[in-house]
Every structure is written in structure tokens, then in C-alpha cells.
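Q: I am attaching a structure below and will ask some questions about it afterwards.
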Amino acid sequence: MTKPLANRIALVTGASRGIGFATARALARAGAHIVATARTQGGLEELDDEIRKDGGSATLVPLNLTDSDGIARLGAGLHERYGKLDILVGNAGVLGPSSPVGHIELKAFTDVMAVNVSANFQLIRCMEPLLRQSDAGRAVFITSGAANKATAYVSPYAASKAALETLARAWAQETANTPLRVNLFNPGPIRTRMRAALMPGEDPATLETPEQVAEFIVPMCGPDWTETGKFYDYKTRTLMSFRSPA
């Protein structure tokens with residue numbers, strides 16, 4: 001039986017654990033060859049083991065996404081090897097400090113923006129030409145409800161996700177008349193290390209898993225997905241359009 005993502009190349013950032021790990025594995029099961037990036041070599045090797053067990057294949061790229069030149073080199077390498085990119089899942093992100101705005105050091109703020117916003121900007125710059133070479137390029141960025149709730153005490157994270165959403169939506173508008181589709185995915189509270197750091201007293205058994213989330217991200221990466229500039233809210237299982245303030 002032909003798998004739905006057979007012969008497609010998928011780049012997943014932050015793939016060494018959590019939602020990135022689960023999504024990379026789910027995409028591989030659907031037939032995609034995974035290009036997995038993360039800072040943690042050990043986590044990438046664990047992912048590779050799981051993908052191989054499932055009968056899939058992966059290329060591991062240890063990379064700190066604050067290395068803009070490294071992202072550019074990755075784009076060049078993908079062009080040389082495959083000549084295209086079919087799927088981009090921008091999952092990598094950091095929580096940053098949990099503190100009142102006025103107590104946060106400038107470096108801590110800029111460190112969050114570097115990973116959550118600037119790295120995705122560089123990914124768009126470097127991967128768009130490759131995604132346009134695909135017959136059905138798909139990009140999905142992982143966001144958070146904190147972006148529109150302006151959640152207290154995690155202002156760098158909330159601001160960075162709001163910026164990411166605007167960046168992705170602008171890109172979606174710019175590419176609306178092409179085969180490329182660009183969307184956002186909000187997983188909500190999920191059993192991840194980041195969630196545990198934010199809510200240390202929470203029982204993780206009450207939360208859904210990254211594996212459950214990944215099953216909803218995979219369809220957004222396929223050629224049959226036609227929506228662009230939309231926001232999928234996992235908690236309510238709803239695909240939403242952005243609306244201007246009343």
C-alpha cells in the first residue's frame with residue numbers, strides 16, 4: 001500500500017523530544033523522509049532508532065537554530081541533495097523566564113525571540129525556494145494560546161508566539177496564489193517538558209500526549225490539505241480563521 005507522504009521530504013525542528021519527536025515519527029510512518037534538527041544529538045539518535053523500527057528513514061542534523069548561517073547551510077544542503085522540500089514543521093521553541101515583565105533581563109527576552117521568532121524567519125527565508133519546488137509545499141508552525149491571551153508572567157514567550165503568528169500569516173498571504181500552504185497549530189496543554197516547567201504542580205497524566213497531537217498535524221502536511229493562513233486549535237479540534245478586532 002502506498003503511504004500518503006511517500007517520496008516527500010519533511011524538515012522538523014525541535015525533533016529530539018515532545019511534539020517535534022512525535023510529529024517527526026508520525027510523518028515518517030506516513031512515508032516521508034525526515035530531516036530532523038535539534039540541539040540534542042542523543043535525542044535525535046533516539047528518534048532515528050524509533051523511525052527505523054517503524055520502517056522509515058531520517059537524516060539527523062544537530063543544529064542550534066540561533067545559528068542563522070547553519071540554517072542557510074541546511075537549506076543549501078537540502079537543495080543539493082533533494083532539490084526541494086515538501087514539508088516544514090517549525091516546532092522548536094523555548095519558554096524563557098517566568099517573571100513579571102519589569103524583572104526580566106534584556107538578554108533573557110532576546111534569547112526567547114531568537115529561537116521562537118528569528119529562527120523561524122530565517123527558516124522561511126532559506127526554505128521557501130525549496131518549498132516552492134514541491135508540487136504541494138506545506139508549512140506548519142507550532143504556536144500557543146499565550147499569544148492571544150497575553151498570559152501573565154511569560155511575556156517573552158507570549159510576545160514571541162504572537163510575532164510568529166503574524167509572520168506566518170503574512171507569509172501565507174504572500175504565497176496564497178502558489179501551491180504552498182502555510183498554517184499555525186496550537187496544541188494547548190500537552191504532556192511535554194515545557195509544560196512541566198511552566199506548571200510543576202500539574203499531574204501530567206491529566207494531559208494528552210504529543211503522540212495524540214501529532215496525528216492532527218500530519219494531515220496539515222499532506223498534498224490534500226488546501227487551507228492556508230489558518231489556525232488549528234487542538235483543544236477544540238477547530239480550524240479557525242483570524243479576524244480583525246471588532
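The values are calculated or read from the model by the stated rules, or taken from the named source; none is laboratory data. All values reported here derive from a predicted model rather than from experimental measurement. Quick reminder, even Gly has a Cβ in these numbers, built from the backbone with ideal geometry, and neighbours come from all protein chains shown. We work out accessible area using only protein heavy atoms, side chains counted, and drop any ligands, DNA or RNA first. Shrake-Rupley method; radii C 1.70, N 1.55, O 1.52, S 1.80 Å.
Q: Which residues, taken from the stretch 118-153, are modelled with pLDDT under 95 and in a helix (DSSP H, G or I)?
A: Across the stretch 118-153, the qualifying residues are Ala146, Ala147, Asn148, Lys149.
Condition check ((1) of a type in the set (Gly, Ala, Ser); (2) in contact with a Gly (Cβ under 9 Å, 6 or more places away or on another chain); (3) open to solvent by 70 Å² or more (accessible area, probe 1.4 Å); (4) at pLDDT 95 or above) across all residues:
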{"site": "Ala6", "(1), (2), (3), (4)": "yes, yes, no, yes"}
{"site": "Ile9", "(1), (2), (3), (4)": "no, no, no, yes"}
{"site": "Ala28", "(1), (2), (3), (4)": "yes, yes, no, yes"}
{"site": "Ala58", "(1), (2), (3), (4)": "yes, no, no, yes"}
{"site": "Gly75", "(1), (2), (3), (4)": "yes, no, no, yes"}
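Q: In addition: State all residues of the stretch 135-151 that are free of Cβ contacts under 8 Å to residues at least 40 places away in the same chain and either surrounded by 15 or more Cβ atoms within 10 Å (Cβ to Cβ) or aliphatic (A, V, I, L, M) (or both); if no residue qualifies, say none.
A: Residues satisfying the conditions are Ala146, Ala147, Asn148, Ala150, Thr151.
Q: Determine, yes or no, whether Ser118 is touching a residue at least 60 places away in the same chain (Cβ under 8 Å), more than 14 Å from Leu11 (Cβ to Cβ), out of contact with any strand residue (DSSP E or B) (no Cβ under 6 Å at 6 or more places or on another chain) and open to solvent by 20 Å² or more (accessible area, probe 1.4 Å).
A: no
Q: If you don't mind, there's one more thing I want to ask. Tell me the residue from Glu211, Glu202 that is open to solvent by less than 70 Å² (accessible area, probe 1.4 Å) and either assigned to a loop (DSSP other than H, G, I, E, B) or at pLDDT below 95 (or both), please.
A: Glu202
Q: Still on this structure, please answer the following. Restricting the first residue to the stretch 219-234 and requiring it to be assigned to a strand (DSSP E or B), which pairs with a second residue that is charged (D, E, K, R) and open to solvent by less than 20 Å² (accessible area, probe 1.4 Å) meet a Cβ separation below 9 Å and a spacing of at least six or different chains?
A: Hits for this filter: Phe231/Glu165.
Q: Sticking with this one: So, restricting to helices (runs of 4 or more DSSP H) that lie completely within the stretch 1-117, which ones have at least 1 residues that are over 18 Å from the mean Cα position of the chain (by Cα) and over 23 Å from Val182 (Cα atoms)?
A: 41-53, 68-81, 106-113
Q: Inspect the stretch 36-45 for any residue being more than 20 Å from Ile217 (Cβ to Cβ) and open to solvent by less than 30 Å² (accessible area, probe 1.4 Å) and give the result as yes or no.
A: no
Q: Any idea how many residues of the stretch 153-185 are of a type in the set (A, V, I, L, M, F, W, C) and free of Cβ contacts under 8 Å to residues at least 12 places away in the same chain?
A: 1
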